[in-house]
Amino acid sequence: MKIKFNKTIILFFVISYCSAQTIIPIETKDFAMVFKTDNQNRLWNIYFGKKLSDISDYKDIDGQYYFPSSNAGMYNAAYTPSGTWNLSEPALQVKHFDGNLSTELHFVNVNTEVNNEETITKITLTDPVYKLKVVLNYKVWSNLNVVEQWTDITNNEDGAIELNKYASANLYFTNKDFYLTHFQGEYLKEMQPVEEKLTQGLKTIESKLGTRAMLLGTPNFIVSFENHQSEDEGLVLLGQLAWSGNYKIDFEIDSYKNLRLIAGINPYESNYYLKKDETFKTPSLIYSISNKGTGLASRQLQSWAKKYRVLNGEGDRLTLLNNWEATYFDFNETKLSKLIKDTKDLGLDLFLLDDGWFGNKYPRNNDDAGLGDWEENRKKLPNGLGYLVKEAKKSKVKFGIWIEPEMANPESELFKNHPDWIIKQPERPEKLYRNQMVLDVTNPEVQDFIYDVVDNLFTQNPEIAFIKWDCNAVIYNAYSAYQQQKGIPQTHLYVDYVLGLYKVLERIREKYPKVPMMLCSGGGGRADYEFLKYFTEFWPSDDTDPIERIFIQWNYSYFFPAITMDCHVTNWGNQPIKLKVDVASMGKLGFDVDVSHMNEKDLEFTKTAIKNYNRFKNMVLHGEQYRLSSPYKNPFASLMYVHNNQSLAIMFNYLSSNRFMERMTKRPIKLKGLDANKKYSVKEINLYPGVKSTLNELIVYSGDFLMTVGVNPEVDTKRTSVILLIEEVN
Ligand code: DGJ
């Protein structure tokens, strides 16, 4: 309450000090973004950077810059409208109730509320001609330098209006050079970073896939100011649009070489109609700001995610054995019972039954039939799921199950009984993706159906302890029979699909608030901070080759904490089991293997490594992550997690490239995040049976030494993976 009082006073002071012009600072612990009105009450973004110690100094910032509006009209509007004198990329495009396309926004008021660690500032703008209200929302976690920003657009006009672009956020930066890192991809090649210097004009990253934000691109980005992105230096903004469908993020360098950033739902085929008195709430742009490079920015965002966003983000996670790569669709009760026993023998927490357990008239023996028919396949599972749940219970492991409830194969009872539930053009040939099509989640009946898929599973088998929720198809031939019938414009489909899905998830979480659920999307197509309100974790990629995973997990780590990342050991890649298990141990550990194919020593190693993981997982899941040696810049990848007041840490080191000259760590790798004044032992763990560490483990190092000189993990072609446990010595 005390803070609230102070803040209110501060704002009042600033506002009354410059009675003609309002100054609105949005501050975090270290940074500020400042808005100022002009004499016509339009609101301008005048500053983004280090916070000033005296709040009254902000009013003088814009006087130091000379950026007249040039021919393009407005560059630094707080929320750029269109149709009047703005000729740069807009944040908002509206067709008013009378068909007019012009919008202006004037400042009305500002309001700040403090709730514990969160401060929300709401800035209200209205059009002086049309009764259109826009509220810009800034939610700040000051200590973490994390901001969540979204916009509410309310139609108070005399009839319906059409939103043609409705961004979540509009930012403006006046630095001189900007580098953008964005993440491109493909199936099996998710999250590949590309850094480019932004030049005058527009660079857009976007998705039009409908059901999945990620895959070809992702709504994650890093803007680094002045210089290339660096792990420990420089001002960076690391952000994500938290929206699980089509997104569009525009990075526009204006004629003064300043950067305009506009992020939101992709307006592609998505004009959204608002009836009188309706409000549209955009998704959020979430970003972390750091002046010590991407390392700190990631740690801030990861801490925020664990503490405030991800479902059970500070809780535990279940290790598991998944049958997918061990059996694919070819299984029966005997095979699965054996895998359940293996789960127990390995020392894992849960057995996860993947695709292929359902469908009778159209049995799911391949990916071309049965999807949508969620009853147990009687041939494969004559005693139903209940039998497997009991088997799991007998073995003292938990039981989880795979579903893909938003999709159907044309060869399914669901598809044949409810053709109107499928997204497809009525007059055009069907276009399948992985032999399946997408259900129309805008339709409340479909929402009920999806909810029931989950609810029935839990009602019939209350001991189900985990769900893997897959989504393999994109939306082709976007057309909703439901919306057509209800007179809802077809351009609502992409948006209402995602909103419909959130509604279902909301209902599921009301009834089942805690059950862990994994997001999966034909590899890594779904992982964003809106979905992660409902899900505990996500599947980063079907590519589980450990070398590829070092890179993939590295890239996800910019935005996501290890606790959200499902990392499985599989038969992908012909590297040693140790490398596979060590790489998977950097996230939430799982296995997709048939134990009967493992040799004795591999099995012995794996069991010990799982025990070790259970001992150190707190560090990985709840610790602070430091990226030490990038596999993009070095032949060695190295990263660590620090936990327990800097008294415990774990360091993962890999030979990530096998070029002749670079096959051993010749130099030490500097550690980070330790206490310089503490003493630490460094011991190697997860050694393969019969192998001794080459390190001298008797040395006691100071934190200062480890962070200044470093330690050489002695990675080489025989020691391609080295895990070091760093413990405080008293
Ligand atoms: C795609 C997922 O990425 C896999 O892990 C597996 O669940 C299959 N779908 C099942 O069809």
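Every number in this text was worked out from the coordinates using simple rules, so none of it is lab data. Note that the structure is a prediction, hence the values are computed from the model and not measured. Cβ sites come from the backbone with ideal geometry, for glycine too, and all protein chains shown count toward neighbours.
Tell me the net charge near residue 533. Cut-off is 11 Å between Cβ atoms, residue 533 excluded, with +1 for each Lys or Arg and -1 for each Asp or Glu.
-1
How large is ³J(HN,Hα) for each residue in the range 566-580, as worked out from phi by the Karplus curve 6.51 cos²θ - 1.76 cosθ + 1.60 (θ = phi - 60°), to whole Hz, x for Gly and Pro?
7, 10, 10, 8, 9, 8, 5, x, 9, 7, x, 4, 4, 4, 4
With the cut-off at 1.5 for a/c, could you classify the range 9-309 from its C-alpha gyration tensor as rounded, prolate or oblate?
Rounded is the answer for the range 9-309, as its axis ratio a/c remains below 1.5.
Going through the range 542-648, which chymotrypsin sites (Phe, Trp or Tyr not before Pro) have at most 16 other Cβ atoms within 10 Å and a DSSP loop state?
Sites meeting the loop and neighbour criteria: 632.
Hand me the trypsin sites (Lys or Arg not before Pro) from the range 77-178 located in a DSSP loop with no more than 13 other Cβ atoms within 10 Å, in residue order please.
In loop regions of the range 77-178 (DSSP not H, G, I, E or B), the sparsely surrounded trypsin sites (Lys or Arg not before Pro) are 176.
Rounded to whole Hz and in sequence order, give me ³J(HN,Hα) for the range 329-336 from the Karplus expression 6.51 cos²θ - 1.76 cosθ + 1.60, θ = phi - 60°, writing x for Gly and Pro.
Listing the rounded values in order: 7, 9, 8, 8, 4, 5, 4, 5 Hz.
Pull up all non-local amide H partners of residue 165: gap of 5 or more, or a different chain, and H-to-H distance under 5 Å with H placed in the peptide plane.
93
What number, rounded to the nearest 500 deg cm²/dmol, is the helix-based mean residue ellipticity at 222 nm of the chain, given -39500 (n - 2.57) per DSSP H run of at least four residues and division by all its residues? Could you put the intermediate results ahead of the total?
Details: 13 runs with 152 residues, N = 730.
One gets -6500 deg cm²/dmol as the mean residue ellipticity at 222 nm.
For residue 234, what residues show an amide H to amide H distance below 5 Å, using hydrogens built from the backbone and excluding near sequence neighbours?
Hits under the 5 Å cutoff: 293.
When a/c is below 1.5 the answer is rounded, else prolate if a/b is larger than b/c, else oblate, so apply that to the range 574-653 with a ≥ b ≥ c taken from the square roots of the Cα gyration tensor eigenvalues.
Oblate is the answer for the range 574-653, as a/c is 1.5 or above yet b/c matches or exceeds a/b.
Provide the net charge surrounding residue 387, with neighbours chosen by a C-beta distance below 15 Å and charges set as Lys +1, Arg +1, Asp -1, Glu -1.
Result for the local shell: +4.
Is the range 221-339 best put as rounded, prolate or oblate by its Cα gyration tensor, with a ≥ b ≥ c the root eigenvalues, rounded for a/c under 1.5, and otherwise prolate when a/b is larger than b/c, oblate when not?
oblate
Cα centroid distance between the range 148-216 and the range 385-415, in Å?
Here the answer is 37 Å between Cα centres.
Just the Cα atoms of the chain: what Rg and Dmax do they give in Å?
Calculated on Cα positions, Rg and Dmax stand at 26.9, 80 Å.
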